[in-house]
Every structure is written in structure tokens, then in C-alpha cells.
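What follows is calculated from the coordinates using simple rules that are stated; it is not laboratory data. Bear in mind the structure is a predicted one, so any value in this text is a computation, not a measurement. For neighbour counting, all protein chains shown are included, and Cβ atoms are generated from backbone atoms with ideal geometry for every residue, glycine included.
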Amino acid sequence: MDPNITGKKYGCCGQVAVLVSETRTRATAPNTYRNNPLKRIFTCLTICIILAAAKSIYAQGNLSGSFETNSIYYLNDNRAGIVAPDDKTASNNYFKLDYRYQKFSAGVQYEAYLPVLQGLPSTLRNSGLVFKYASFRDSNFSVTAGDFYEQLGNGLIFRAYEERAIGLNTSVEGARLGYSFRGLVQLKGFAGRSREFMDRAASNVKGGSLSVDIASAIKLEHTTANAALNIVNRYMGYTGQEPIDPNVQAYSFNIDWAANAFSFQGEYAYKSKDNSVYTNNRNKDGSALLLEIGYNTPGFGTVLTLRRLEYMQFGSTRGITGIGRDLNYLPALTKQHGYSLAVLNPHNTMGNEETGGQLDIQYRLKEGSPLGGKYGTQLSVNASTYYNLRGDVVDGYAFFTPGNTKYYQDINIEIEKRLSAPVLIHLFYANQQFNPMVIGKENGLYKSHVIAGDLRWQLKQERSFRFEWQHLRSRDYQKNWAAGLVEFAASPAFTCFIEDMYNYGDSNIHYYRLGGSYTFSRTRMALQYGRSREGLICAGGVCLYMPAYTGLNLSLTSSF
Amino acid sequence: MKKNLLLGLLSLAVAGASAQTRLPEAQLHTLQGQTINAQSLLSDGVPVVISFWSTICKPCIEELNAFRDQWTKWQKEVNFKIVAVSVDDARSVGRVRTFASSREWPFTVLLDKNQDFKRALNVNTIPQLYIIEADGKIVYSHIGYTPGSETKVLEVLKSL
């Protein structure tokens, strides 16, 4: 899917926006980047740090790095109605280098899209040194000039990060300072511009945080307690006639506490009025609350998470939000499953109004107990549900009370049991309800039951097989699915597999794949051939719609 | 200009630099919320096995369960410690503590919430494991886990 052609984008927040509006909004923002004082400060800081580091450059340092390539050769596939792109090959490549000498470090990341893999943002094109930095870190002081990643609190108001699987990189180019006072008080500040694909967003972002280790400050024993205040400002010039404030402020306060088996954390966030495409051009402020309560003892763990969001989408510009265009991070707080049929329709956070939560319980039946057996048994129960917030944008929203529209529900149980020394099994069941409204379609619910399991059979110390089977039953959307996989591993270097995912009741298409991998030390090469279905792929809580394809996929990753 | 300067710096560095052989500086968090420096993992003066994992990575959990099952036996053979570094972000980091507690992992579990430590060690794929000598020197690394590969870890630890 090409967001620049279709004008549509499914971001992390289930939003569908029209690109024409984005173009209009961006065009009104003066491009002041070349004359930006931040850039001059950044350049000066970079030079200072490099000069300081260069004094020691001939001494013994440490150069490290990594290389990653993911390339696909696409094929036409008449049976599945898949047409290969004109350019049959696509390749995403990343080369990263870091140099360290004592307290100094510097590095670059080079990216080449030759061209970008089908489905990822087509604005990732050509190649370039998209990430470069120099930094100094002492025990209580740090400074970075150049590009950096950062997160404040839980990311409700700011997170700059990288997720290569979906072509996301929102690193900030600018400067960052950090100071720790006796480990009790931590100060952090930064300013710069967010990356937007191969370019920079047409806005400046500034932020900072003050966090205090309360438990240490008042000498509490067997307890940890921290509190932090975070702030972010996005400035994007505006010269039009509408009452648009070029500044948007976001604040959050978070606290965490743990004593013995109990833990608690909470974060409240507020965002000032933000007249943007992703708020449907409503001059509306936003807020969010995240609460998490846990109880953990040996053999038992549970955590309850609650979150409400009201107009908390926060783009790097006033245009559309979505992959690579967000300043903050609002992931779907649901369990991420390992079975492919349980992730056919993952939840997509509705950042403008959503309320719900997740309960996770994990228990280990001890070895030697009647139910645990000789090797013990691991039980996991997880439930999550999300609704719209009651109310509307005119009359206001309830604080936590849900409305009548269910966005998502997932109730699942997983059992892990070693039957004998060489045989380990997993059994899984999930009851899921997915509302296609979260990806911009009609309101409704796709209900499904997923049953799955796998068996690992270790033949010898280094040889093992894994057999996996799955079934999804549904009367909605694409109806029923079945899947199976056989994998062989020769430890520690070699694996190969063959799998099939079959839809019956709708398309009756087999999505088969076979492949293998070879690993040597810090290098891994994998080759796969087969057919992949269309749908959402999610990485790190952000989802992207991927078209179906048939082809040969080579991936190689290596670090040194 | 800054691009050229950085490239120049890196070109010069190549001459005198060695590959990543030492534990880098980075901040990590304990499950209780305390901030620690990666260098403090070496403070016990014994070799350290660092395993990058996440709650959504099945092979990672299999590897850590295998270490748990062998823990008592291995500790009688060689003195070392294991640090399981979770790279779960805000979506799933809340489940890390329940994972570690319920599975009764007898080793240290730390959080790398925005993957700073993972990037510093240039980890692209998990699970990835490092064995680090008491003086901070990286002596072994491996990507992925298949049943049985934990025996190589014991073999390396014994050779130190």
C-alpha cells in the first residue's frame, strides 16, 4: 500500500486520513530548517565533541557495528490473484557503525532501499546516512549531538524509536543533555527535529523530564518509589487564517512503586489543543491515564493494566499520523500471540477515544505436585477488552466509562507442559472479537475461536523437531482457517521448516512457505519461499497493512 | 559538513580500533524501577551470560527455561551469573515481572525499555546471547536458540 497514492493510512490509532489535507497543512508551514538555530547549535556541539574525541583517536578504541538486509524477489501468482510489482526485487538494507573510546562515542547508520519492500512506506526511498551522532557519557552527565532515540515515561507523550520490520524510525536530530544528581534526581532535556522517513518533519520538538528516586531520598527499605514529570513541546509554524496555535504542549506525571510482592505504576498525560488532521481538525485538547497493578511471588504473577485515551494522537506534524509520523506511542495493550491464526486481526489503538484494560495471570504448577507432574506445568491466562469512551467530542467524554462500541476482546489460555525429558507441548485457546472499525471499515464484530498447539521433540542433544497445528473457526469475514508447521533444528546452527495456512469457507487459498536458516556466531542467514497473505503486521505495538505476495525472501543479519 | 566530519572520524577510528569486544555503557532498569549501569553487571567478579529476550519471543523463553532447569547443576560446575535483558517496550513491559516470577527464573532480569543497551551491542535479532568475562571482555555470542544450544554456553563458561 502506498500512502502517497491511495491517500489512506492505517496508523497505530485506527485513523484513516486524506493526504490532500496533509499536503495543505504542510504547505502552510514555512520551511525554516535551513535557517534553524537548533541546527547551528547541533552542528557546533557535534564539532566540539568530535574534536575532543579526535584527540584520542589513534589510541585503542572500539569499533562495532551491524549489517542487516531483507530482500524479496516477487513472483506473479495467478492462483492467488497476486501480481508482482514491475520491479521484481525489493531490498531494505541497514549498516550501522559505532566507535567508542572511553567516555566518547560516535556512530552512523546508513540505510538503502533498493527499492523498499512492498507494503512499507514508499517514502522510504534511495539511500543515505540517516542517523549520525557523537556523545559523551560520564557517571552523572551525558550529552549527545546528532540523532538519538528517547522515551519519556511510558511514551504517552513522547517516544522516538526504531522498528525496522515496519519501516519505522522516528529518531530526533538535535541535541540531548542528561544529568544525574547523586542518582537521586535525574534531569533530561532535548531539542531537535523528528525523522520523517528519509527527511525531517516540518516541526521542532523540545522536551524534558525530571525524575526523583523517592525511596532512596527518604531511605525507605525494601521499597522502590520513583516520580517523574515530563514535558514536550511541538512547534510548527502557521501563517493561515484559522485560529491555529503553532505550539502544542504535552505534559505527563508518572509514579511507580514496588514493595515486596506488590507493584503499582500510574501515568497521567495531558495534551493542549491540537488542531490537526488526525484530530479531524477539531481544536481539542487530549488526556490519557495509564494504571498498572501487579502482584508477583515465586511461581505466580499477575498484572492488571487499565488505560483511557482521549484525543491523544500526537503527530510529528499537523498532517496525518501513523507509521513513522507519531511523536508518542500508544500501543494496543493486548497479548501478542506467537500463533499466526491468533494474530490475523490484531487490535489497533483508537487514540482519539478508547478505554479498556488487560489482565494477565501466570502460574506454575510445581514439579512433583499432582497437577504439575514430574516437570511442572506453566499456565497463562490473559484477557483484554477495549471500548469507545462514553460521550462525544461536543458534550465531552466520560473519564473511564465505556460506550456501546466494542473495539476488541481477547480471552485466551495457554498451557506449557513437559511430558518427558525430550517432549515439550504447548496448548492454546483464544476467543477473539475484532471490530474492523479500528482499521477504518464499517462498525461490526468478527468473532473467532482459535485452538492451537505445538510439540517439541528432542531426538538427541542437538537434533529436534517441532510440530505445530492451528485452527480458527469463524462465521465472519474470511470464515475458517487451518494451519500446520513442521520444523527441524540441528543445534546450534541450522533450522528448516515447511508450513501451510489454509483458508476454507472464503478464498480457499493455501498460504504455504518453506525455508531454512543458518547461524554462525553473530551472523544469521535465512531463506524462505512461499505465499504470504494480506493483512496487518504489527511490530512493537504499531501495525501496518501489508499486501499479499509470493516470492523468495533472503534475510541476513550480522554484528561485529 | 557534519556528515564529512563524522565519516572522517570513523575512517580514522578504523585504524586503531578493534571490533566490539567489551561491554558498552548503557542504562538499564531493574524490575523494581531502579536505574543501573550495564558496567555494574560485572561487579561480582564472575563471568556473565547476557541473554536478550522478550515476552513475545518463544525461543527466548525456551532458552531461559533451559537455563533455569540446568541452573543448580551448572552452578556446581562453574561460578557465573545470568542476566536476562528484556527488550519489551511499553506495550508488554508490564508482563515481564509476571513472566519472571511465575517461571521462577533464578537469575537477574533487567529492562531495556527503549532498547538502548540492545542498540549499543548491535543486537538486531533476539534471542541473542553474550558471554562476558569478569573483566568485561566479550568472549562468545550467538543469535537464536534451538534446543541443546545451551550446552555450548556451559562449554564456553568452563573454558574461561
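In a fully extended conformation the segment linking A:I411 and A:Y375 would gain 10.3 nm over its present Cα-Cα distance, using 0.36 nm per residue.
Straight-line cross-link reach from A:K374 at under 14 Å between alpha-carbon atoms covers these aspartates and glutamates, not counting any fewer than eight positions away in the same chain: A:E416, B:D69.
Contour minus end-to-end for A:F141 and A:L527, with contour as 0.36 nm per residue of separation and end-to-end as the Cα-Cα distance?
So the chain would gain 134.5 nm between A:F141 and A:L527.
Selection among A:A145, A:Q461, B:V93 by position relative to the dipole of the protein assembly as shown gives A:A145 as farthest towards the positive end (Cβ unit charges, Cα centre). Take each residue in B:55-68, count the other chain C-beta atoms within 10 Å of its C-beta, and the mean is 2. Take the alpha carbon gyration tensor of segment A:249-364, find the square roots of its eigenvalues, order them as a ≥ b ≥ c, and report rounded if a/c is under 1.5; if not, report prolate when a/b exceeds b/c, else oblate. Note, shape of segment A:249-364 comes out oblate.
The charge dipole of chain A, taken about the Cα centre with unit charges on the Cβ atoms of Lys, Arg (+1) and Asp, Glu (-1), comes to about 820 debye, rounded to the nearest 20. Test of understanding: extend the Cα→C-beta vector of A:E221 to 7 Å, then name every residue of segment A:238-263 with backbone N under 16 Å from that spot. Output list for this probe position: A:259-260. Between A:D86 and A:N247, the contour length at 0.36 nm per residue exceeds the alpha carbon distance by 53.6 nm. With the simple model of a label 7 Å out from the Cα in the direction of the Cβ, A:D476 to B:K137 spans 6.0 nm. Assuming charge only on the beta carbon of Lys and Arg (+1) and of Asp and Glu (-1), the dipole of chain B about its Cα centre is about 320 debye to the nearest 20. Number of Lys-Lys pairs in segment B:21-159 with C-alpha atoms under 27 Å apart and a separation of 8 or more places or on different chains: 23. Dipole of segment A:363-416 computed with +1 at Lys/Arg Cβ and -1 at Asp/Glu Cβ about the Cα centre; of A:S384, A:Y408, A:S369, farthest Cα towards the positive end is A:S369. Distance between the modelled labels on A:F264 and A:R282, one decimal in nanometres: 3.2 nm (7 Å Cα→Cβ projection). Considering Cα pairs under 8 angstrom that are at least six residues apart, work out the relative contact order of chain A and quote it in whole percent. Normalised by residue count, the contact order of chain A is 12 percent. Across peptide A:323-332, the average count of Cβ atoms from other chains found within 10 Å of a residue's Cβ is 1.
Projecting label points 7 angstrom from Cα along Cα→Cβ for A:Y363 and B:E155 puts them 4.1 nm apart.
Within 10 Å of each Cβ in peptide A:518-524, how many partner chain Cβ atoms are there on average? Round it to a whole number, please.
For this peptide, the per-residue mean of nearby foreign Cβ atoms is 5.
In chain A, helical runs assigned H by DSSP with n ≥ 4 each contribute -39500 (n - 2.57); averaged across all residues and rounded to the nearest 500, the mean residue ellipticity at 222 nm is -2000 deg cm²/dmol. Straight-line cross-link partners of A:K406 among the lysines, defined as a Cα under 28 Å from its Cα and at least 8 positions apart when in the same chain: A:K8, A:K9, A:K271, A:K273, A:K284, A:K335, A:K441, A:K447, A:K479. Give a quick list of trypsin sites (Lys or Arg not before Pro) in segment A:153-210 that DSSP marks as loop, anything other than H, G, I, E or B, with at most 14 other Cβ atoms within 10 Å. Here the trypsin sites (Lys or Arg not before Pro) that fit, given the DSSP loop and packing criteria, are A:R182.
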